[in-house]
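Encoded as structure tokens, the structure appears first; notes follow it.
The values are calculated or read from the model by the stated rules, or taken from the named source; none is laboratory data. Note that the coordinates shown come from a computational prediction; the quantities given were computed from them, not determined experimentally. Virtual Cβ from ideal backbone geometry, glycine too; neighbours counted across all protein chains shown.
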Amino acid sequence: MANISANFLGIRSPNPFWLASAPPTDKKVNVLRALEAGWGGVVWKTLGPQIKNVSSRYSAVNYNGSRVMGFNNIELISDRPLEHNLREIEEVIKEFPDRAMIVSLMAENTREKWHELIQQVEDTGAHGLELNFGCPHGMTERGMGAVVGQDTEIARMVVEWVMEKATIPVITKLTPNVHSVVPTGRAAVEAGSNALSLINTIQSITGIDLDTFVPNPYVAGKSVFGGYCGPAVKPIALKMLATISQDEITRKVPVSGIGGISTWKDAAEFMLLGATTVQVCTAVMKHGFRIIEDMCEGLNNWMDEKGFATIYDFIGKTVPALTHWEDLDINYHIVAHINQDKCIHCGLCYIACEDASHQAINLAWGKPYNTYTIKEEECIGCNLCKLICPVDNCITMVEKRKGDEYLNWKEFQKRGLPLNDH
Amino acid sequence: MPIINNRLSDEEYRTNFSDIHPPFETRDAALVEANRCLFCYDAPCTKSCPTGIDVPKFIKQITTDNIKGSAHTILEANIFGAGCSRVCPVEKLCEGACVYNLMEEEPIPIARLQRYATEKAMKEKWQLFDRLPSTGKRVAIVGAGPAGLSCAHVLSRQGVEAVIYEKELKGGGLMTYGVAAYKVTPEFCADEVDYITSLGGIEIKYNKALGRDFTLFDLQQKYDAVFLGIGVGEARQLHIPGEQSEGVVDAIEFIHQLRSNPYAQIPVGDKVAVIGMGMTAIDAATQAKRLGAKEVTLVYRRTKAEMPCTEEELDLAMLDGCNVIWLAAPKEIIGEKGKVNALVCSVMTLGPADASGRRFPVDSGQTFMLEVDMVIKAAGQMPFTELVTNNLLENNGGKIEVTEKTKTNLNGVFAGGDCVNGGKEVVDAVQAGKEAAQAILKYLQSDESHFFQKESTQPTIFEG
Ligand SMILES: Cc1cc2nc3c(=O)[nH]c(=O)nc-3n(C[C@H](O)[C@H](O)[C@H](O)COP(=O)(O)OP(=O)(O)OC[C@H]3O[C@@H](n4cnc5c(N)ncnc54)[C@H](O)[C@@H]3O)c2cc1C
Ligand SMILES: Cc1cc2nc3c(=O)[nH]c(=O)nc-3n(C[C@H](O)[C@H](O)[C@H](O)COP(=O)(O)O)c2cc1C
Ligand code: SF4
């Protein structure tokens, strides 16, 4: 059995799975339930000046019958009195001393307000602080949240204030609503932040009601841009995480990965790209805390299979595999192959390649089943057919190198090699 | 009195004859299945539908909440799409070809989804088709069954007026009078005929029979073209002693009774033998059972490998508690005071395969006797040989001979459906009606039509 426990700047948790700062972590009753279910830690719902929420606040994107592929909210930070939150945090830490308790913060933008809030939170015994520089709606209109994260200088200043006061580890949570997360990440690290976490939600409109013509979520005839999360944002989050892991300044601090994580597989991917722990919100809002069981068991079994004794054996392992486009090997050529025994004759590969790729699949008409074969000389190896095929491993990509040696684009040009002639 | 009616309570009749393929209860339920559809290209299901409904398209349209578009996709190819969704033997058509079968998974419930879309269209009375301006042409159609109505609908959309002569008092043909009652109700059949004719330009003259009230020649004189969709007639005779005994009934007649009267009025025996193993035999057997017969036995002279019904249909009969005796041919019906009390059968063996590859049953010389009080004959249906021959139509044992799928030997006279193919499914008849309509439209524009015998200046010979 692998050891899946995490040590994040001295903050220990029995597994690397934390709940992200959000409704599942906004009060004692559900946080206790989460920890009982087995979550490794929580990032308490953001504390700050008490706010008031609107009622209708969530919306979602469904895809082909799958509900909540993407999730959207226009909720602000905690709307409960600060003292209640602080008291409950303290109580939870007492009941579950072995779990990570991080508290998310968003103070009004003065040194005094930040210091005051940090003091109050540290008094609870919390293990770490997470600075919410990412909330993309509502709080931004008050000069907080994403507006801090979007301006490197403001972010730097706030982190400096925080570091003057904080005695426990500080994680800066980045907003994805920027062209690159690296500048703010660097500013935070340079200002002393001990760690980073990302991503917060992405500004979005999930859809428009075709009867009322008002976007979702509907609030008395109006709506606002919301924050998007859930499985749909995972690829974007992974890319942003990778850039943090590649940058020479930001890669010096540990990272907590967030965005669309629903399973142990998603988590492993974030960790392979450099995350030490991961945080989950939408998946729990959809399925409840019980998903933690498979997350732990699945990660454990996978680590055993791969021979990883601890999570540190694979954190960041994938980062070196990301390179520049012009360093990719142009001689690496693959062609599709259809396994006729597995083929169910749905024709999806054929029409995709015919209409959108390289017309490299042959259709031999039959009633009711056509036979599809690859025209190898036409196939460019793009993977499209394989991606579309509904049967696992029916279409496989077979390596047919164009040349033995590694050849990249720079070298290709230098040698004046010929481009396509049709 | 072994053959009696009113064997069951109203409640029992209702349960026994309730829908065997219930519809989706909710939109969500339909969406779960619709979303499973892979949206195949050049889809095997479409290729396996005789009317070529674009199945992936109509299913996709259900998922986008474009139910109107979905219904249009279905009905454009098959105007009986609503009825077909309840009566088609889909296991050997669209659903049988669904690629999920090749993954050993349940096929998409295509018929049920088709029902979902078309039911809504019928309920909302959506008029999904337009008619082109009138061409001034008129076509006579004999028979308001699936073939005739399908032909009429295509013609009317193209601005050609269709006048249908129907010998019964209701339209729909065997859909109304033949198909098992647990698949479609008389009300549904009437609604479907109304929905089809709501397009306009289709007139049905009921209680008018070719050969009784008018001749084909009359129609040729009065109309620009004629389509014959008269179906097939009575069940084949067994030609065995005792066939005239009381209690020996024709399956078609038995089902016609059942489809036209309250169940409680339909008499059925205690112990019933059904001769044959086709769709009609299965329907007669299951419905006899559902009317309250105690014991129903299907008697077939070949084996399961040769049976014309599908596995699903056989299962239905078995689940209803019917027995099957394979390799048994009726030899004699024994009666007492003119009433059936036994059926003697020859035990058969299978001989070598004939030219079509089907093995022919041979009499082994042994016999056995089955105690029964009712015998239902369902060993195939007979075409209207006399009617067809009297009207100078070339035919093959009564089945009208056609070239190019729908043209009879008489100029301007077309035919299709059961009367040509000898008895297949509703969906085949609908396709035949469509094809004939196309041929008629081409014909109406061609020179040939000038040689048609119509003499519009002559006073009409009959009051149609
Ligand atoms: C018992 C039984 C069960 C069946 N079950 C199914 C099933 O579940 N699913 C399925 O797909 N198919 C089923 N079929 C077959 C299906 O009903 C037929 O294939 C289909 O109805 C043929 O359509 P048609 O228009 O060619 O003929 P019909 O439906 O037979 O229509 C012919 C019409 O012409 C009229 N007509 C006949 N002679 C004259 C005349 N001389 N003058 C005027 N009008 C005339 C008839 O009254 C009738 O209305 C069943 C058939 C039977 C007998
Ligand atoms: C309803 C809702 C409320 C949220 N509130 C906060 C918040 O108060 N503070 C914060 O830092 N992030 C908040 N988030 C963002 C999540 O912590 C997380 O970063 C984001 O949802 C991406 O993770 P996911 O894809 O697992 O949901 C909220 C998200 C949701 C859905
Ligand atoms: S890999 Fe691309 S080019 Fe090759 S057959 Fe598949 S879709 Fe066509």
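Can you say whether A:ILE351 is part of a helix (DSSP H, G or I), modelled with pLDDT of 95 or more, more than 27 Å from A:LYS173 (Cα to Cα) and of a type in the set (Val, Ile, Thr), as far as the supplied structure shows? Taking the combined requirement at face value, the residue satisfies it. Residue pairs whose Cβ atoms lie under 6 Å apart, sitting 6 or more positions apart in sequence or on different chains, and linking a residue in the range A:225-243 that is assigned by TED's automatic domain parsing to the domain that holds A:SER204 and over 18 Å from A:ILE205 (Cα atoms) to a partner that is of a type outside the set (S, T, N, Q) and in a helix (DSSP H, G or I), are A:THR243/A:VAL182.
Conditions (1) touching a helix residue (DSSP H, G or I) at 6+ places or on another chain (Cβ under 8 Å); (2) over 16 Å from A:TRP18 (Cβ atoms); (3) modelled with pLDDT of 95 or more; (4) of a type in the set (Lys, Arg), marked per residue:
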site: A:GLY230; (1), (2), (3), (4): yes, yes, yes, no
site: A:GLN246; (1), (2), (3), (4): yes, yes, yes, no
site: A:ALA275; (1), (2), (3), (4): yes, no, yes, no
site: A:GLN279; (1), (2), (3), (4): no, no, yes, no
site: A:ASP294; (1), (2), (3), (4): yes, yes, yes, no
site: A:GLY298; (1), (2), (3), (4): yes, yes, yes, no
site: A:ASN301; (1), (2), (3), (4): no, yes, yes, no
site: A:ALA321; (1), (2), (3), (4): no, yes, yes, no
site: A:ILE330; (1), (2), (3), (4): yes, yes, yes, no
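When the range A:213-224 is filtered for residues that are among the β-branched types (Val, Ile, Thr) and without any contact (Cβ under 8 Å) to a residue 12 or more places away in the chain, only A:VAL214 remains. Checking the stated criteria, A:GLY138 turns out to be within 17 Å of A:PRO49 (Cα to Cα) and modelled with pLDDT under 95. Scanning the range A:393-409 for residues that are surrounded by fewer than 12 Cβ atoms within 10 Å (Cβ to Cβ) and more than 16 Å from ligand 3 (Cβ to nearest atom), we see that the one that is nearest to the other protein chains (Cβ to nearest Cβ) is A:ASP404.
Scan the range A:70-85 for residues that are away from ligand 2 (no atom under 11 Å from the Cβ) and surrounded by fewer than 19 Cβ atoms within 10 Å (Cβ to Cβ) and the total you get is 5. Counted as qualifying within the range B:210-296 are the helices (runs of 4 or more DSSP H) with 3 or more residues that are within 11 Å of ligand 1 (Cβ to nearest atom), namely B:251-260, B:279-290. Summed over the range A:326-361, residues that are of a type in the set (A, V, I, L, M) and either free of Cβ contacts under 8 Å to residues at least 24 places away in the same chain or within 16 Å of ligand 1 (Cβ to nearest atom) (or both) total 1.
Restricting A:MET1, A:MET69 to those that are of a type in the set (A, V, I, L, M, F, W, C) and within 14 Å of chain B (Cβ to nearest Cβ) reduces the list to A:MET69. Residues of the range B:107-116 that are within 14 Å of chain A (Cβ to nearest Cβ) and assigned to a loop (DSSP other than H, G, I, E, B): B:PRO107, B:ILE108. Only a single criterion out of (1) in contact (Cβ under 8 Å) with a residue 24 or more places away in the chain; (2) in contact with a Ser or Thr (Cβ under 9 Å, 6 or more places away or on another chain) is not satisfied by A:THR371, namely (2). Is there a residue being farther than 24 Å from B:CYS94 by Cβ, within 14 Å of another protein chain (Cβ to nearest Cβ), more than 8 Å from ligand 3 (Cβ to nearest atom) and surrounded by fewer than 18 Cβ atoms within 10 Å (Cβ to Cβ) anywhere in the range A:364-382? No: zero hits.
Of all the residues in the range A:165-179, those that are in a loop (DSSP other than H, G, I, E, B), crowded, with 24+ Cβ neighbours inside 10 Å and either among the hydroxyl-bearing types (Ser, Thr, Tyr) or in contact with an Asp or Glu (Cβ under 8 Å, 6 or more places away or on another chain) (or both) number 1. Restricted to helices (runs of 4 or more DSSP H) entirely inside the range B:11-77, those with at least 3 residues that are more than 11 Å from every other protein chain (Cβ to nearest Cβ) and of a type outside the set (Asp, Glu) are B:55-63, B:67-77. Looking at the range B:94-102, is at least one residue within 13 Å of ligand 1 (Cβ to nearest atom), part of a helix (DSSP H, G or I) and in contact (Cβ under 8 Å) with a residue 24 or more places away in the chain? Scanning the range B:94-102 turns up at least one residue that is within 13 Å of ligand 1 (Cβ to nearest atom), part of a helix (DSSP H, G or I) and in contact (Cβ under 8 Å) with a residue 24 or more places away in the chain. Only one of these is exposed (fewer than 14 other Cβ atoms within 10 Å of the Cβ) and of a type in the set (Gly, Ala, Ser): B:SER9, B:SER48. Name it. Step by step, each of B:SER9, B:SER48 is checked, and only B:SER9 is exposed (fewer than 14 other Cβ atoms within 10 Å of the Cβ) and of a type in the set (Gly, Ala, Ser). Could you grab me the full set of residues in the range A:354-382 that are more than 24 Å from A:HIS333 (Cβ to Cβ) and assigned to a loop (DSSP other than H, G, I, E, B)? Those that are more than 24 Å from A:HIS333 (Cβ to Cβ) and assigned to a loop (DSSP other than H, G, I, E, B): A:TRP365, A:GLY366, A:LYS367, A:PRO368, A:TYR369, A:ASN370.
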